[in-house]
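Q: First the structure, then my questions, so here it is.
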Amino acid sequence: MTREGLTELPPPARNAICCDCGRPTYAPVPVRHIERGSGPGYTVYACPRCAPDVAPGPLPGEVSP
């Protein structure tokens, strides 16, 4: 353990909105990545409770361009 590890602020918590129930979650599970015709794509997240029920799609790196 370093001194910086003890004194620096922790990284900000990742949060997202669940694609199934619509509630905010601080433990998002990526379920699929949506590509756009123009601009960058985006990842859709689910909360840990809803993730087993959401049909998964391809994530970045799983589909060749």
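The values are calculated or read from the model by the stated rules, or taken from the named source; none is laboratory data. If you're wondering where the values come from, they're calculated on a predicted model, not measured in any experiment. Positions of Cβ are generated from backbone atoms using ideal geometry, with glycine treated the same way; all protein chains shown enter the neighbour counts. In case anyone asks, the SASA skips ligands and DNA or RNA and just uses the protein heavy atoms, side chains included. Shrake-Rupley method; radii C 1.70, N 1.55, O 1.52, S 1.80 Å.
Q: Counting only helical runs of four or more DSSP H residues, what would the 222 nm mean residue ellipticity of the chain come to if each run contributes -39,500 (n - 2.57) and the total is spread over all its residues? Walk me through the numbers on the way to the answer.
A: Numbers: 1 runs with 5 residues, N = 65.
Here the helix-only value at 222 nm equals -1500 deg cm²/dmol.
Q: Another question, then. What distance in nm separates the two pseudo spin-label positions at Tyr42 and Ala55, each 7 Å out from Cα along the beta-carbon direction?
A: Here the answer is 2.1 nm between the modelled labels.
Q: At 7 Å along the Cα-to-beta-carbon direction for both Asn15 and His33, put a label point, then send me their distance in nm to one decimal.
A: Taking the two extended label points, one gets 2.6 nm.
Q: Between the DSSP loop rule and a limit of at most 12 other Cβ atoms within 10 Å, which trypsin sites (Lys or Arg not before Pro) in region 30-65 are left? Walk me through the numbers on the way to the answer.
A: Numbers: sites: Arg32, Arg36, Arg49; in loops: Arg36, Arg49.
Loop-located and lightly packed - Arg36.
Q: Hey, another quick one. So for Thr7, Thr43, Thr25, Thr2, what's the accessible-area order with a 1.4 Å probe, most first? Mind dumping the intermediate values first?
A: On the way: Thr7 100, Thr43 40, Thr25 15, Thr2 80 Å².
Per-residue accessible area, sorted high to low, gives Thr7, Thr2, Thr43, Thr25.
Q: Sticking with this one: Positive end of the dipole of the chain, charges at C-beta (+1 Lys, Arg; -1 Asp, Glu), about the Cα centre: which of Cys47, Gly61, Gly37 has its Cα farthest in that direction?
A: Cys47
Q: Further, regarding this structure: Just want to confirm a number: the relative contact order over the chain, from Cα pairs under 8 angstrom separated by 6+ residues, in percent.
A: Contact order relative to length: 28 percent.
Q: I would also like to ask the following. Given that just one value was derived from the coordinates, which of [x] 33, 13, 4; [y] 28, 18, 11; [z] 19, 13, 11 is semi-axes √(5λ) of the Cα gyration tensor in Å?
A: Here semi-axes √(5λ) of the Cα gyration tensor in Å agrees with entry [y].
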